[in-house]
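Here's the structure we're looking at; comments come further down.
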Amino acid sequence: MSADQRKELANEPLNLMAADGPTNSAKGDKDAATWLPPNKAFRCEYVERQTAVKTTYSIWVTQAEHDAIKEILEACK
């Protein structure tokens, strides 16, 4: 990504969420295969937002992340 694209991604409203320090630290740069919000009621929205951002910015996903996203979204129905 170019510097402008990285800046746009960093400021993407769907990518910005308020979180307390410990939760933010636990998440770090982990994907849906390795971290999900501890609040299970928020997981559907979190994964939907993450998927929208990845689609908008053409960000790839690993097979493990794909499988985790699919499992979460199927449970949201």
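So here's what we get for this one:
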quantity: Candidates Thr51, Thr62 - the one that is at pLDDT 90 or above, closer than 20 Å to Leu9 by Cβ and surrounded by 14 or more Cβ atoms within 10 Å (Cβ to Cβ); calculated: Thr51
quantity: Residues that are over 13 Å from the mean Cα position of the chain (by Cα) and either of a type in the set (Phe, Trp, Tyr) or in a loop (DSSP other than H, G, I, E, B) (or both), drawn from segment 11-61; calculated: Asn11, Ala18, Ala19, Asp20, Pro38, Asn39, Ser58
quantity: First in segment 52-67 and over 14 Å from Trp35 (Cα atoms), second anywhere and part of a loop (DSSP other than H, G, I, E, B), Cβ under 6 Å, 6 or more apart; calculated: Val53/Glu12
quantity: Pick from segment 1-32, criterion among the polar types (S, T, N, Q) and free of Cβ contacts under 8 Å to residues at least 40 places away in the same chain, ranking: nearest to Val53 (Cα to Cα); calculated: Asn15
quantity: Any chance Trp35 is free of Cβ contacts under 8 Å to residues at least 40 places away in the same chain, aromatic (Phe, Trp, Tyr) and exposed (fewer than 12 other Cβ atoms within 10 Å of the Cβ); calculated: no
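The values are calculated or read from the model by the stated rules, or taken from the named source; none is laboratory data. Computed from a prediction, not measured in an experiment: that's the story for all the values here. A quick note on method: Cβ atoms are made from the backbone with ideal geometry, for glycine too, and the neighbour counts reach across all protein chains shown.
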